Each structure stands twice: as C-alpha cells, then as structure tokens.
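Undergrad: Right, I'll just put the structure down here and ask away after.
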Amino acid sequence: MFFDQDEVFDVFSLEEAPIPPPFGSKLASLIKALGAARTFVPVNERSGNLIPTDFIRPLRPVSEVFEYRDGNRTVAKETIIVQVDGACSGNGRPEARAGVGIYFGPGSVENVSRRIDGRQTSNHAEVRAALEAMKKLTEMFDNDRLLLVRRMVLLVDSSHVFRAMTEWIFSWRENGWRTSGGAEVKNKACFQELDRIVTAYESHGFAVQFWLVRREFNKEADLLAKNSYL
C-alpha cells in the first residue's frame, strides 16, 4: 500500500525511524532480494520499461523519465531520477574542503550546491550527497511537490555508495555496523541515517533505487559539488 497523502510524512519522522533490525538466518536470501529491489537497471525501449530521457536525447533533464506502453512513449510521472555527487578538494590533507551536489535539472530551483561539515573526505561527501538528496526529496514531498512520485532513483558515480546501499548495508546491520573484517563501518552515522530514511520510504510502499553510472554521465552534480567550496 502506498503512503497516504493525508498522513504527516516529514524528514524528521524519517530520520527518527528506528534502524532496521537484523535478518537472522534468512540473511543471504533477503540481501539478494533487497539489493535487487534497490538497484535501478536501465533498459531499452523495446522492453517497455523506464528509461531516463538523458540517455535517449542528450540535453534533456535526467529527472524526466519516459515509459513505453504499446509502442507509445509517455512521461512516467511516478518516477523521479536525481543526480547526486560529492567532491573534496585536497582529500586526505588538513586543508581539505568537501561539498555535495544534487541535480534535478537545468536551472531547477531544487538544485543543491553545499559545503558539508564533519569529515572532509571524498567518501564522506559521496555518502552525504545521497543523504542530503533523500532529505531534499522528503522536503519536496512535505510541500506537495511530488504528489505522483512513487519511485525515487539516485544516480551516483560512487561504486562505494552504490554497493553499500544495495549490498553491504544489510550485512552491516547484522554485524553491528562492522565490516566482514571486523572494523567499524566508516561514515557509519551517515549510512545509518540514510538507511533509516530509505527503509522508512520502503515500508510505506515507495521504491528507492540507486543507479551506478560512469562519471561522465554525472557531470552536472559533480559541478555543483565542486562549486560548493570554490
């Protein structure tokens, strides 16, 4: 069942949602199913599935998605794709500066270019970009700007964030937020918060998916992230 539009559904309630519990003995099969559900796989128009317009006609907003039905192409209003990226100048050095970029489309008032606090590293910036994107989407839901949306796709070029949210995070929960080698997960607080928000949406019938692309397909978000600390 999808989320009732009359229900109060804001970023604060999402952030305060409990961390999902461990899976127990069914871990392996659940990880596979949940990981697949969180993965966006673009396909060609012959399959009848969704394709971002940016991969059909260059220069079109990536946040618009076409759906093919009976050979006809229409805008799929229930899906929104958001480009997210994090960047860090001087990564690993004391003078490092990090920021995030969130790109909804050319000239969109929703686009975000912002410095971040905390650890000034590339990995932290990449995770924070995804987290800030989910908070931004929640803000848009709260202001009735995404009434028809039921699927959110975060386009990322970070394999670390992609694999973390579609694969590793389920094992991290089970292992007390430690890696398979026993080390504490880096940027644990950010990943926990992101996982809480994503899981809260999933529990209300929404889909939150991650789409891994090459860097050249995420230039707009990358530019926003870098501009945040210039």
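Undergrad: Give the residue, chosen from 180, 171, 158, 228, that is free of Cβ contacts under 8 Å to residues at least 12 places away in the same chain and either touching a Ser or Thr at 6+ places or on another chain (Cβ under 6 Å) or not β-branched (Val, Ile, Thr) (or both).
TA: Every option except 180 fails the conditions.
Undergrad: Something else: Identify all residues within the stretch 174-191 that are surrounded by fewer than 19 Cβ atoms within 10 Å (Cβ to Cβ), in a helix (DSSP H, G or I) and not acidic (Asp, Glu); write none if there are none.
TA: Correct list: 188, 189.
Undergrad: Output the residues belonging to the stretch 140-151 that are closer than 30 Å to residue 174 by Cα and in a loop (DSSP other than H, G, I, E, B).
TA: Within the stretch 140-151, just 150 meets the criteria.
Undergrad: Ok, one more. Say we look at the stretch 125-151 and pick out the residues that are in contact (Cβ under 8 Å) with a residue 60 or more places away in the chain and buried (at least 23 other Cβ atoms within 10 Å of the Cβ); which of these is nearest to residue 207 (Cα to Cα)?
TA: The qualifying residue nearest to residue 207 (Cα to Cα) is 134.
Undergrad: Given the conditions (1) assigned to a loop (DSSP other than H, G, I, E, B); (2) touching a residue at least 12 places away in the same chain (Cβ under 8 Å); (3) among the small types (Gly, Ala, Ser), which single one is not true for residue 113?
TA: Answer for residue 113: the failing condition is (1).
Undergrad: Here are 161, 213: which of them is within 30 Å of residue 78 (Cβ to Cβ), touching a Leu at 6+ places or on another chain (Cβ under 7 Å) and hydrophobic (A, V, I, L, M, F, W, C)?
TA: 213
Undergrad: State which residue is nearest to residue 153 (Cα to Cα) when the search covers only the stretch 92-107 and only residues that are of a type outside the set (D, E, K, R) and in a loop (DSSP other than H, G, I, E, B).
TA: 104
Undergrad: Condition (residue is modelled with pLDDT under 95, outside any helix (DSSP H, G or I) and of a type in the set (S, T, N, Q)) applied to the stretch 192-205: is it met by at least one residue?
TA: For the stretch 192-205, residues modelled with pLDDT under 95, outside any helix (DSSP H, G or I) and of a type in the set (S, T, N, Q): absent.
Undergrad: With more than 24 Å from residue 42 (Cα to Cα) and modelled with pLDDT of 95 or more as the only criterion, which of 174, 184 stands out?
TA: Testing whether each residue is more than 24 Å from residue 42 (Cα to Cα) and modelled with pLDDT of 95 or more leaves just 184.
Undergrad: What are the residues in the stretch 152-168 that are part of a helix (DSSP H, G or I), of a type in the set (Gly, Ala, Ser) and crowded, with 20+ Cβ neighbours inside 10 Å, if any?
TA: Matches in the stretch 152-168: 164 only.
Undergrad: Test of understanding: among 140, 152, which residue is at pLDDT below 95 and out of contact with any strand residue (DSSP E or B) (no Cβ under 7 Å at 6 or more places or on another chain)?
TA: None of the other options fit; the residue is 140.
Conditions (1) crowded, with 23+ Cβ neighbours inside 10 Å; (2) at pLDDT 95 or above; (3) touching a Cys at 6+ places or on another chain (Cβ under 6 Å), marked per residue:
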| position | (1), (2), (3) |
| --- | --- |
| 63 | no, no, no |
| 66 | no, no, no |
| 75 | no, no, no |
| 86 | yes, yes, no |
| 92 | no, no, no |
| 98 | yes, yes, yes |
| 107 | no, no, no |
| 119 | no, no, no |
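The values are calculated or read from the model by the stated rules, or taken from the named source; none is laboratory data. If you're wondering where the values come from, they're calculated on a predicted model, not measured in any experiment. A quick note on method: Cβ atoms are made from the backbone with ideal geometry, for glycine too, and the neighbour counts reach across all protein chains shown.
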